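All remarks here apply to the structure that follows.
The values are calculated or read from the model by the stated rules, or taken from the named source; none is laboratory data. What you are looking at is a predicted structure, and each value in this text was computed from that prediction instead of being measured. As a convention, Cβ positions derive from the backbone with ideal geometry for all residues, glycine included, and neighbour counts pool all protein chains shown. Note: accessible area is taken over every heavy atom of the protein model, side chains too, but ligands, DNA and RNA are not part of it. Shrake-Rupley method; radii C 1.70, N 1.55, O 1.52, S 1.80 Å.
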Amino acid sequence: LVLYSIGYKIESALLLISKARSMLCLKLEKSVGYDVLEALLGSCESFNAYRTQYKSSLLLENVVEFLILNPHFPKSLTYIADELLHAFKTLPKAKKYLSAYEEPIFKAHTCLRLTNINTLLELEEGTLVYKKLDELLSTLSELFSSASSELSKTYFSHYDE
């Protein structure tokens with residue numbers, strides 16, 4: 001049951017990262033951007049929770065903070081990374097030091113906690129891409145994927161077959 005929960009959390013994180021990369025990393029005109037933010041929140045089943053926390057119109061900064069950096073929202077990447085670190089400690093082969101599957105999530109969690117929302121949403125002159133946000137999401141995708149791969153190597157003997 002714990003392995004299933006861990007797998008579900010990793011897959012949820014990877015799906016959110018994929019959605020965020022495709023929907024949040026390009027600067028869009030205001031009306032289109034609003035529709036994209038609404039669609040992203042809807043696809044994450046988070047629109048009502050967002051409205052409860054932010055009693056304002058949809059803003060890119062708030063959506064990024066809510067879905068990626070919020071340590072208290074159960075569907076955010078930061079929350080998922082934190083939950084994974086706790087769940088890893090309950091596994092049968094858990095060790096006192098970081099295992100091969102814990103290390104990438106620890107790095108992801110640290111990266112998320114050290115991230116500044118203003119830095120993420122800076123636009124370089126002449127571009128329409130939030131480069132720092134895209135780089136962060138790309139790094140997180142690699143880290144969550146690596147954790148999944150290492151977890152499979154550790155707990156599923158048929159992994160290399």
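Note down the magnitude of the dipole of the stretch 6-55 about its Cα centre, charges +1 on Lys and Arg C-beta and -1 on Asp and Glu C-beta and zero elsewhere, to the nearest 20 debye.
180 debye
Quantify, in whole percent, the carbon and sulfur part of the accessible surface of the chain (1.4 Å probe; protein heavy atoms only).
On the way: 5070 of 9210 Å².
Accessible surface attributable to carbon and sulfur in the chain totals 55 percent.
Straight-line cross-link reach from K93 at under 15 Å between alpha-carbon atoms covers these aspartates and glutamates, not counting any fewer than eight positions away in the same chain: E102, E103, E150. Among 34-40, 92-98, 13-19, 50-56, the peptide with the highest mean count of other Cβ atoms within 10 Å heads the list, and the full ranking is 13-19, 34-40, 50-56, 92-98. The C-alpha atoms of the chain define a longest principal axis, and helix 2-24 lies at about 30 degrees to it. Rounded to the nearest 20 debye, the dipole magnitude of the stretch 1-100 is 440 debye, with +1 charges on Lys and Arg beta carbons, -1 on Asp and Glu beta carbons, and the Cα centre as origin.
With the simple model of a label 7 Å out from the Cα in the direction of the Cβ, N118 to K95 spans 4.2 nm.
Please give the length that would be gained between L128 and S149 if that part of the chain were fully extended, namely 0.36 nm times their separation in residues minus their C-alpha to C-alpha distance (nm, one decimal).
Values: separation 21, 0.36 × 21 = 7.56 nm, distance 3.36 nm.
Additional length available on full extension: 4.2 nm.
Computed over the chain with a Gaussian network model linking Cα atoms closer than 10 Å, the most mobile of T90, T110, T139 is T90.
From the alpha carbon centroid of the stretch 6-66 to that of the stretch 78-111 is 25 Å. Ignoring lysines fewer than eight residues from K95 along the same chain, the ones with Cα atoms less than 23 angstrom from its Cα are K9, K107, K153.
Modelled label positions at N48 and V32, each set 7 Å beyond Cα in the direction of Cβ, lie 3.2 nm from each other. By how many degrees, between 0 and 90 and to the nearest 10, does the Cα long axis of helix 102-113 differ from the longest principal axis of the chain? Tilt of helix 102-113: around 20 degrees.
Spin-label pair K55-S18: with each label point 7 Å from Cα along the Cα-Cβ axis, the two points sit 3.8 nm from one another.
Determine the dipole magnitude for the stretch 34-161: charges of +1 sit on the beta-carbon of Lys and Arg, -1 on that of Asp and Glu, nothing else is charged, the reference point is the Cα centre, and the result goes in debye to the nearest 20.
Values: 12 positive and 18 negative charges, 132 e Å.
The dipole magnitude comes to about 640 debye.
In summary, the aspartates and glutamates within cross-link reach of K131, defined as a Cα separation below 20 angstrom excluding same-chain residues under 8 places away, comprise E29, E61, E65, E122, E142. Between the listed residues L121, A87, S138, the Cα displaced farthest toward the positive end of the dipole of the chain, a dipole computed from Cβ unit charges relative to the Cα centre, is found at A87. At a probe radius of 1.4 angstrom, the accessible area of the chain per residue rounds to 57 square angstrom.
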